[in-house]
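These notes are about the structure you will find just below.
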Amino acid sequence: MTTPMDLDPTVAAMQEELDQLRNEVAACRARYDAGAVRDISYANSADAVAPLYTALDLEGSAGTAFEVPGRFPFTRGIHPTGYRGKLWTMRQFAGFGSAKETNARYKFLLGQGTTGLSVAFDFPTLMGYDSDHPRSEGEVGKCGVAISSLADMEQLFDGIPLDQVSTSMTINGPAIILWCFYIAAAEKQGVRPEQLRGTVQNDILKEYMAQHAWCFPIEPALRLIVDMFEYGAQHVPQWNTISISGYHIREAGATAAQELAFTLADGFTYVERGIARGLDVDTFAPRLSFFWDVHNDFFEEIAKLRAARRIWARHLKERYGAKDPRSWMMRFHSQTAGVTLTAQQPMNNVVRVAYQALAAVLGGTQSLHTNSMDETLALPTEQAVQVALRTQQVLAFETGVPNVIDPLGGSYYVERLTDQLEADAEALFAQIAEQGGVVAGLETGWFQRKIAESAARQQWEIEQQRRHIVGVNAFTTEEEGLEIPLLKIDEQAAREQAAALARLRGARDEARCQAQLARLREAARGTENVVPFILDCARSYCTLYEIRAALEDVFGAYREPVFF
Amino acid sequence: MSRPIRVLVAKPGLDGHDRGAKVVAAALRDAGMEVIYTGLHQTPEMIATAAVQEDVDVVGLSVLSGAHMTLFPRVRALLAEQGRDDILITGGGIIPAEDMAALEALGVGKLFGPGTPTTDLIDYIRSWFAAREPQGT
């Protein structure tokens, strides 16, 4: 038997120190357990949070003690120079009314120092309907900009050289069509596809899971995405062909661990589909990007972003055999959590957004959208958007936060949370595998149920006063809400769009359009990549809905499993 | 004991945000009401038809898309056409206060914004129902 007496005196001393730490932590826990503890929920996710973390919580894990940023597994960041090399991109999501109005907002944002554009489309566009389709009534231009054809896309970027900006487009069901409109609009400016930089969200799995702007059934929708991976790798090499999104999953109610695991599982599914097509993983994986929601639980969010990078790197390298380090690196956009904003005392939202933005930056985001204070009431006004952008600028230039890379690396709590979230995600991957994978889990509604259950639990916690929301169920005020100016969208955009579409249909070469649509149907029936066919339709000024309908003729429509 | 209140929870239009609709549907069910949820992307015609066929007392519409000034009056008009203007139309979403007031003036019931406790709308529906139903049935 070995006793401390036999050990080297240094080791014995260390052993003694460790024992002393154990005793002190035990004493601290005992005092905590004996004391009065407020009866509230201490975590946004299901896991309990201890009142104190020490080196003992990292036993069996090195945390990131032997890691530097820019090296596998990238827990501490993908760039060796962090924000010292390049700040994050301040990318404010915007779009409303007509292409002309939104074009003016983009020019305003570029003039204010925003460094990348981000297009918000209206619901008809998100669903693949033209502005003059009966299903679009009342919704044209309301939640984003209406884009029904190449002509609208040309107007949207009029005077904005597409070889000089990077553009993110939040579009999923009909993503392939809007991407072709963008490529064709660039051609009109004399900009070649290989010069284009940007991202198309194109994450259909999370649409079925949470956000619900779909067009086609799951299998053909996945085929369109792989067509874009393939075409992008060959012709639009600087474009991110997908932004695999946890944002909407979280907003719909998921916990941080569910957001992390469901999103990564979606990502793995896309990788598997690309490989199944016969693509070399290293040809398309470097163009896969991610999009995270940054919620209220400050340290958990930072840990989530660190864990996400590590999990992605490990799976891409070890499970999918990617050899190019760029395939291992998770690059991501973040947005502060819209769902945390309150309609009550809306000025408080500025503070929420600032804390969330800080978490996103401490988590090493590549780009960031900060929400505006008035978004629970309407689309944001220009003043509200400016405060949101200034929040990022203060963070970037005044706080000193970006000066040091991964400054929370080595924090007992953050390292432990990072390990914990990784373990939670792996446990959820196993559950997803038991469901038969992501597609099977969507068909049975497993994911949708998990998310709805989490949402119901959060509502219950709020109503039981287990969770306090300032201004909503705590620190409420009796007086009338603060009056803040709201952006009003009238029906003008809808009328203008209808007139413009009528002119377009009258002026274009109708026979050529019908021939292009027929060729597209034929290609969709086979196994050819459909991107070049949709590009031809776009160039001929076929409309969004005409192209969607041609594909729907072949693919059919999606039917959701309904439950609550 | 009176019969349970029947509620149709519906998502009109193209807006896919169903977190609120599902939370509300579950809360109303837990409060003892009979709840039917339509699923997403319903037209006003589909909602009115479902409300009449299911013989509901209340239609709850969830709209976060900004299209509330089109969708609420349309559902109300379609129900009135079928002689069912006795059905309470309530709901919620991202709806500015002045639009809520304008819709109430058009005969739509009370609308609820973000942060409303589900107990508020349960109480509202129950008291509306109690006032409508004759005593003692």
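The values are calculated or read from the model by the stated rules, or taken from the named source; none is laboratory data. Every value quoted in this text rests on a predicted model; they were computed, and no experiment measured them. For neighbour counting, all protein chains shown are included, and Cβ atoms are generated from backbone atoms with ideal geometry for every residue, glycine included.
Yes/no matrix, rows are residues, columns are (1) aliphatic (A, V, I, L, M); (2) in contact with a helix residue (DSSP H, G or I) (Cβ under 7 Å, 6 or more places away or on another chain); (3) closer than 21 Å to A:ASP122 by Cα:
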residue: B:ALA10; (1), (2), (3): yes, yes, yes
residue: B:ASP30; (1), (2), (3): no, no, no
residue: B:VAL52; (1), (2), (3): yes, no, no
residue: B:LEU78; (1), (2), (3): yes, yes, no
residue: B:GLY83; (1), (2), (3): no, no, no
residue: B:ILE94; (1), (2), (3): yes, no, yes
residue: B:ALA105; (1), (2), (3): yes, no, no
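Of the helices (runs of 4 or more DSSP H) lying entirely inside region A:51-170, those carrying at least 1 residues that are more than 14 Å from chain B (Cβ to nearest Cβ) are A:82-85, A:99-111, A:150-156.
Among the residues of region B:40-71, those that are within 10 Å of chain A (Cβ to nearest Cβ) and assigned to a helix (DSSP H, G or I) comprise B:PRO44, B:HIS68, B:MET69, B:THR70, B:LEU71. Within region A:374-415, the residues that satisfy the criterion of being buried (at least 22 other Cβ atoms within 10 Å of the Cβ) and at pLDDT 95 or above are A:ALA388, A:THR391, A:GLN392, A:LEU395, A:VAL414, A:GLU415. Taking residues in region A:72-94 that are touching a residue at least 24 places away in the same chain (Cβ under 8 Å), and partners anywhere that are surrounded by fewer than 18 Cβ atoms within 10 Å (Cβ to Cβ) and polar (S, T, N, Q), the pairs with Cβ atoms closer than 6 Å and at least 6 places apart or on different chains are A:THR89/A:THR115; A:MET90/A:THR115. Of all residues in region A:198-239, those satisfying the criterion of being farther than 23 Å from A:ALA524 by Cα and surrounded by fewer than 23 Cβ atoms within 10 Å (Cβ to Cβ) are A:GLY198, A:PRO237, A:GLN238. Screening B:GLY91 on (1) at positive phi; (2) within 12 Å of chain A (Cβ to nearest Cβ); (3) not in a loop (DSSP other than H, G, I, E, B) shows it passes everything except condition (2). Kindly evaluate A:ALA322 against the criterion of being free of Cβ contacts under 8 Å to residues at least 60 places away in the same chain, away from every other protein chain (no Cβ under 14 Å) and either surrounded by 22 or more Cβ atoms within 10 Å (Cβ to Cβ) or not in a strand (DSSP E or B) (or both). So A:ALA322 fits the description; yes.
Every residue, every condition in (1) on the phi > 0 side of the Ramachandran plot; (2) of a type in the set (S, T, N, Q), yes or no:
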position: A:PHE299; (1), (2): no, no
position: A:SER327; (1), (2): no, yes
position: A:ALA354; (1), (2): no, no
position: A:LEU362; (1), (2): no, no
position: A:LEU389; (1), (2): no, no
position: A:GLY400; (1), (2): yes, no
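Can you tell me how many residues in region B:11-49 are free of Cβ contacts under 8 Å to residues at least 60 places away in the same chain, touching a Leu at 6+ places or on another chain (Cβ under 6 Å) and within 18 Å of B:LEU88 (Cα to Cα)? So the answer is 5.
Which residues, counting only those in region A:291-307, are within 16 Å of A:ALA265 (Cα to Cα) and touching an Asp or Glu at 6+ places or on another chain (Cβ under 9 Å)? Residues satisfying the conditions are A:PHE291, A:TRP292, A:LYS304, A:ALA307.
Here B:VAL9 clears all of (1) farther than 17 Å from B:ASP120 by Cβ; (2) of a type outside the set (Phe, Trp, Tyr); (3) within 11 Å of chain A (Cβ to nearest Cβ) except the condition numbered (1). The condition of being at the interface with chain B (Cβ under 10 Å from one of its Cβ atoms) and either free of Cβ contacts under 8 Å to residues at least 40 places away in the same chain or under 26 Å from A:PHE123 (Cα atoms) (or both) holds for only one of A:ILE547, A:ILE484, A:ILE469, A:ILE489, that being A:ILE489. Name the residues in region A:362-379 that are among the polar types (S, T, N, Q) and either in contact with a strand residue (DSSP E or B) (Cβ under 8 Å, 6 or more places away or on another chain) or within 15 Å of A:SER166 (Cβ to Cβ) (or both), would you? Within region A:362-379, A:THR365, A:GLN366, A:SER367, A:THR370, A:ASN371 meet the criteria. Residues that are surrounded by fewer than 24 Cβ atoms within 10 Å (Cβ to Cβ) and among the aliphatic types (A, V, I, L, M) within region A:295-312 comprise just one, A:ILE311. Looking across region B:94-109, the residues that are more than 10 Å from chain A (Cβ to nearest Cβ) and either part of a loop (DSSP other than H, G, I, E, B) or surrounded by 17 or more Cβ atoms within 10 Å (Cβ to Cβ) (or both) come down to B:MET100, B:LEU103, B:LEU106, B:GLY107, B:VAL108, B:GLY109. Does A:GLU491 satisfy the condition of being closer than 19 Å to A:ILE147 by Cα and surrounded by fewer than 17 Cβ atoms within 10 Å (Cβ to Cβ)? Against the criterion (closer than 19 Å to A:ILE147 by Cα and surrounded by fewer than 17 Cβ atoms within 10 Å (Cβ to Cβ)), A:GLU491 qualifies.
Looking across region A:192-215, the residues that are away from every other protein chain (no Cβ under 14 Å) and either of a type in the set (Ser, Thr, Tyr) or within 19 Å of A:SER118 (Cα to Cα) (or both) come down to A:PRO193, A:GLN195, A:LEU196, A:ARG197, A:GLY198, A:THR199, A:VAL200, A:ASN202. Residues considered: B:GLY32, B:GLY107, B:GLY39. Of these, the only one that is among the small types (Gly, Ala, Ser) and under 30 Å from A:GLY173 (Cα atoms) is B:GLY39. Each residue in region A:63-80 was checked for being modelled with pLDDT of 95 or more and of a type in the set (Ser, Thr, Tyr), and 1 pass. Could you please find all residues in region A:353-374 being in contact with a helix residue (DSSP H, G or I) (Cβ under 6 Å, 6 or more places away or on another chain) and either within 14 Å of chain B (Cβ to nearest Cβ) or over 17 Å from A:ASP297 (Cα atoms) (or both)? Once the filter is applied, which keeps residues that are in contact with a helix residue (DSSP H, G or I) (Cβ under 6 Å, 6 or more places away or on another chain) and either within 14 Å of chain B (Cβ to nearest Cβ) or over 17 Å from A:ASP297 (Cα atoms) (or both), region A:353-374 yields A:LEU368, A:ASN371, A:SER372, A:MET373, A:ASP374. Taking A:ALA502 as the residue in question, decide whether it is out of contact with any Gly (no Cβ under 6 Å at 6 or more places or on another chain), surrounded by fewer than 14 Cβ atoms within 10 Å (Cβ to Cβ) and farther than 28 Å from A:VAL145 by Cα. No: the conditions fail for A:ALA502. In region B:110-134, how many are in a loop (DSSP other than H, G, I, E, B), away from chain A (no Cβ under 14 Å) and without any contact (Cβ under 8 Å) to a residue 40 or more places away in the chain? Count: 2.
Conditions (1) in contact with a Gly (Cβ under 9 Å, 6 or more places away or on another chain); (2) over 27 Å from A:THR81 (Cβ atoms); (3) among the polar types (S, T, N, Q), marked per residue:
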site: A:ALA359; (1), (2), (3): no, no, no
site: A:SER367; (1), (2), (3): yes, no, yes
site: A:THR370; (1), (2), (3): no, no, yes
site: A:GLU375; (1), (2), (3): yes, yes, no
site: A:LEU379; (1), (2), (3): yes, yes, no
site: A:ALA384; (1), (2), (3): no, yes, no
site: A:THR391; (1), (2), (3): no, no, yes
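Taken over region A:339-370, residues that are without any contact (Cβ under 8 Å) to a residue 60 or more places away in the chain and in contact with an Asp or Glu (Cβ under 9 Å, 6 or more places away or on another chain) amount to 2.
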